[in-house]
Amino acid sequence: MLSTSSKRRTAKQPRAARASTKGDTRAAFLFLSPWIIGFLVFTLWPVGYSAYLSLTDYDVLNNPNFVGLDNYRQMLSDPKVSLALGNTIFYTVFSVPIHIIAALALALLLNRAGRAAGFFRTAFYLPNMTPPVAVGVMVLLLLNGQNGLVNSVLGWFGIQGPDWTTDPNWVKPGLILMSLLTLGGSIIIFLAALRAVPEELEESAKLDGANAWQRTLRIKLPMISGTIFFLTIVNTIAAFQSFTEAYTAFFGSGSSTYGNDAALFYGIYLFQQAFTFLHMGYASALAWLLFVVVLLVTLIQVRLSRRFVYYESAQP
Amino acid sequence: MSAKAARTALLSVLSVAALALSGCATGQANHQTTSSSFDSSAQLKGKLTVMGFGTGDEVATTRFDNAKAALSGVQVNLLKGSLDIQQFLSSVASGQSPDIIYGDRGQIDSFAARGAVIPLDDCISGEKIDTSSFRKTALDQVSLNGHVYGIPEFNQVEITMANPVLLKQAGLDMADIDGSSWDKITAASQSLSKTKDGKLAVIGYDSKLPDFFPLWVKANGGSLISDDGKKATLDSPEVVQALTFAAAIYQKQGGFGAVKAFRDSADFFGKGNQFASNTLGAMAMEQWYVNILNDVSPKADVDFTTFKDRQGAPLSFSSGSAWAIPKGSPNPGAACRFAKSMTSTDSWMKAAAARVQAREKDGKPFTGLFTGNQMADQKIKDQFVKADPATNWGRAIEASYTANESSFAYPANPAGAEFKTAWQDAVNHVINGQDQPASALAKAQQVAQKALDAGWAQLNGAG
């Protein structure tokens, strides 16, 4: 049996703990407040305001004029919306799987590279430091149908490369090819995930006679499936918002009059409507359509992930 | 955190991020009006912020210094670099307009239609700017609904440039590629064009599509738009015929894709340019390229003549820059005097003298200055230009001055950017093999007319 003083002590402890927790919460919010304020002012408010603007005719300089759902109706009859959306979906469908597979393959190789891993990690990441505008210019140089490096290399094998930058059928494949320049970030994340796979699992599989391929397929990939899922979602969103490289190569100042339809990504069309034609209301509606598409695709990916993604922490 | 909670959190973060990235930020319009008076005798003071101009050479520096001297009581602040439309419009919308902007004349009409720049009628009368000295084509490009919105500065025109050695090898001369006979150009492009190992090695004739499409249309007696800027005429027979011809030039050389890829691979501004490397037969090009060629490859095989219409008359498409005063300009009086000084005959003469001196120092010829001020152009030509028609550079100068006197321009309209995009899309579809000229231009006509109608309705509705 507890003494009276002991009872008093135990009754006081939760109160003290509660006070301490409240203090911690206040401190946490204090430290978070710069981000919270920034998020509210620079993200949530513009996003909410763009929803209102999507219902208006607005040219930046004059007051928004409420037009209801006209902008959304206009999208249905605008052939460039379907063209741009089609281009973007094509790019996303092909570039994301290629990106994930290539980054994973290189990370698996790097994981076995031993001492040289540091050098290759740096080498693979370096292109990520290149500004996207420079990548756009490089697209034109490397993929030039006449004298580009890619076609020169293909020529060594007797293959006559296509006009990547001018043939509408090859513009998107060319951009997908160039997107592989920036695999570095995904490689580093995959590498970190692979390094976190418990060694004892591989050791056990080895003792059971599993070869390298089986260990990769049955142990490493399931163990890093959460990372694969994360990178798939992040890269899908990024692919849907592709802009700079294609804009620089085909719609920028050096190509002010030559805009190849095949490179008209959704982000580029949105930008043109907003800042070339000053149809900011219509551009806001376009932005919301993109949001809905990205959200739907993300939801589908999340739904599918339940069947394929393994979370160690979720196991009993 | 459970897997479900983790997924929910991740989804929430991603959704917000996606929305944030795809959202459009906006600013609030500033409806401040300018009530300042413009007086040529007033002593001006305060600050003047100039946006979109750069002092990269002696012509710019001399005039800029001259303008600063004319505004002795004003502190002039130059935001160097070409005009960033996004930055400019944001600054106007947020009530932080620069005092004056320097931009492409083709942009001024769109700015004017939306009220981003103010009419300069009071500025012109108050500062006693002599608009009769300005080139009419240049002034028309910055005039909308009877008001002038810009003070023209440089003027750009096109001339024909060709490689005489390649011409001679093919049994041709300059008259075969000057534009007066389209049949001769077609024949010349085929005889000058060469391939090596299945790849294009020499471009016979580059019709410079889509950029120079308006020039081909005018050469064929057509126009992209009516004289009042209200009716698109993209589907007219002259326009369709011009596109059919200019696009076919590429088809006979392996297609536009091959020609553009080859063109893009050239060292356009360097010693290995298309003329120095003997990889281009002929093309029409803006006259400023003469200076580039003279600088980087003075001994290259290149000759010059005017571009001609199908009747054999010299022809060029006028484009260039202008000064405009934004809505909400804090110091419009100083801005107006600055524009006046930068474009005055006296200022251009000082700039020309500085250029002559610089060229003489480098042992290079002075190829003239081409401005929106025709009085200045004439004085500069009379006083400084020494064109020897026996030399290729002398012929370049003569051709440029003739082109300058034979230029045309399309009228300003409130849907300038959309109108231009409509015809450019049509041209791009044809040269990329995605559509036929008549069909592409018919579609462009619909888009262009819709944009014009909306633009004029908005402009007239706004009064």
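Table for the structure above
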read-out	value
Qualifying residues in the stretch A:34-51 (those that are among the hydroxyl-bearing types (Ser, Thr, Tyr) and either at pLDDT 95 or above or under 20 Å from residue A:64 (Cβ atoms) (or both)) - the one nearest to the chain's Cα centre (by Cα)	A:50
Of residues in the stretch A:100-156 being closer than 25 Å to residue A:173 by Cβ and of a type in the set (S, T, N, Q), the one farthest from the other protein chains (Cβ to nearest Cβ)	A:130
Subset tally (residues that are touching a Leu at 6+ places or on another chain (Cβ under 8 Å) and farther than 23 Å from residue A:225 by Cα) for the stretch A:86-111	2
Flag for residue B:417 being within 30 Å of residue B:147 (Cβ to Cβ) and either in the same structural domain as residue B:341 (by TED's automatic domain parsing) or under 21 Å from the mean Cα position of the chain (by Cα) (or both)	yes
Every residue from the stretch B:214-229 that is more than 18 Å from residue B:312 (Cα to Cα) and either crowded, with 22+ Cβ neighbours inside 10 Å or not hydroxyl-bearing (Ser, Thr, Tyr) (or both)	B:224, B:225, B:227, B:228, B:229
Criterion (outside any loop (DSSP other than H, G, I, E, B) and without any contact (Cβ under 8 Å) to a residue 12 or more places away in the chain) met by exactly one of B:377, B:388, B:346, B:382	B:382
Subset of the stretch A:160-181 that is part of a loop (DSSP other than H, G, I, E, B) and facing chain B (nearest Cβ under 8 Å) - its residue that is surrounded by the fewest Cβ atoms within 10 Å (Cβ to Cβ)	A:160
Out of B:235, B:295, sole residue that is at pLDDT 95 or above and either charged (D, E, K, R) or touching a His at 6+ places or on another chain (Cβ under 7 Å) (or both)	B:235
Cβ-Cβ under 6 Å pairs, at least 6 apart or on other chains, the stretch B:403-432 side without any contact (Cβ under 8 Å) to a residue 60 or more places away in the chain, far side aliphatic (A, V, I, L, M)	B:418/B:451; B:429/B:440
Answer from A:111, A:147, A:87 - the residue that is out of contact with any Gly (no Cβ under 9 Å at 6 or more places or on another chain), modelled with pLDDT under 85 and of a type outside the set (D, E, K, R)	A:147
Single residue of the stretch A:107-159 satisfying the filter (without any contact (Cβ under 8 Å) to a residue 12 or more places away in the chain, under 26 Å from residue B:265 (Cβ atoms) and under 29 Å from the mean Cα position of the chain (by Cα)) that is surrounded by the fewest Cβ atoms within 10 Å (Cβ to Cβ)	A:131
Qualifying helices (runs of 4 or more DSSP H) (wholly inside the stretch A:213-316; at least 3 residues being within 11 Å of another protein chain (Cβ to nearest Cβ) and within 22 Å of the chain's Cα centre (by Cα))	A:225-240, A:266-271, A:280-308
Single unsatisfied condition, residue A:92 versus (1) closer than 30 Å to residue A:187 by Cα; (2) more than 14 Å from every other protein chain (Cβ to nearest Cβ)	(2)
Residues that are among the small types (Gly, Ala, Ser) and surrounded by 16 or more Cβ atoms within 10 Å (Cβ to Cβ), drawn from the stretch B:74-122	B:90, B:91, B:93, B:97, B:103, B:106, B:110, B:112, B:113, B:115, B:116
Set B:261, B:266: member being surrounded by fewer than 20 Cβ atoms within 10 Å (Cβ to Cβ) and either touching a Cys at 6+ places or on another chain (Cβ under 7 Å) or modelled with pLDDT under 95 (or both)	B:266
Wholly within the stretch B:225-309, helices (runs of 4 or more DSSP H) carrying at least 1 residues that are of a type in the set (Ser, Thr, Tyr) and touching a residue at least 12 places away in the same chain (Cβ under 8 Å)	B:237-251, B:288-296
Candidates B:454, B:399 - the one that is more than 14 Å from chain A (Cβ to nearest Cβ), not in a loop (DSSP other than H, G, I, E, B) and not polar (S, T, N, Q)	B:399
Test result for residue B:235, acidic (Asp, Glu), facing chain A (nearest Cβ under 10 Å) and touching a Leu at 6+ places or on another chain (Cβ under 8 Å)	no
Candidate set: the stretch A:44-63, residues that are within 8 Å of chain B (Cβ to nearest Cβ) and among the aromatic types (Phe, Trp, Tyr); chosen: the one nearest to residue A:287 (Cα to Cα)	A:49
Residue among B:261, B:219, B:266, B:247 that is in contact with a helix residue (DSSP H, G or I) (Cβ under 6 Å, 6 or more places away or on another chain) and among the small types (Gly, Ala, Ser)	B:247
Residues that are within 23 Å of residue B:299 (Cβ to Cβ) and in contact with a Pro (Cβ under 6 Å, 6 or more places away or on another chain), drawn from the stretch B:244-281	none
Hits in the stretch B:212-224 (condition: within 26 Å of residue B:454 (Cα to Cα), not hydroxyl-bearing (Ser, Thr, Tyr) and not in a helix (DSSP H, G or I))	B:222, B:224
Leading residue by the ranking (farthest from the other protein chains (Cβ to nearest Cβ)) among those in the stretch B:402-428 that are among the hydroxyl-bearing types (Ser, Thr, Tyr) and more than 21 Å from residue B:209 (Cβ to Cβ)	B:402
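Matching residues to (1) farther than 18 Å from residue B:70 by Cβ; (2) crowded, with 24+ Cβ neighbours inside 10 Å; (3) not basic (Lys, Arg):
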| position | (1), (2), (3) |
| --- | --- |
| B:339 | no, yes, yes |
| B:345 | no, no, yes |
| B:367 | yes, no, yes |
| B:378 | yes, no, yes |
| B:391 | yes, no, yes |
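Every residue, every condition in (1) out of contact with any helix residue (DSSP H, G or I) (no Cβ under 7 Å at 6 or more places or on another chain); (2) under 30 Å from residue A:169 (Cβ atoms); (3) surrounded by fewer than 11 Cβ atoms within 10 Å (Cβ to Cβ), yes or no:
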{"site": "A:27", "(1), (2), (3)": "yes, no, yes"}
{"site": "A:31", "(1), (2), (3)": "yes, no, yes"}
{"site": "A:39", "(1), (2), (3)": "yes, no, no"}
{"site": "A:43", "(1), (2), (3)": "no, no, no"}
{"site": "A:51", "(1), (2), (3)": "no, no, no"}
{"site": "A:57", "(1), (2), (3)": "no, no, no"}
{"site": "A:64", "(1), (2), (3)": "no, no, no"}
{"site": "A:75", "(1), (2), (3)": "no, yes, no"}
{"site": "A:78", "(1), (2), (3)": "yes, yes, no"}
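The values are calculated or read from the model by the stated rules, or taken from the named source; none is laboratory data. Here the structure is a predicted model, which is why all the values come from computation and not from measurement. Cβ sites come from the backbone with ideal geometry, for glycine too, and all protein chains shown count toward neighbours.
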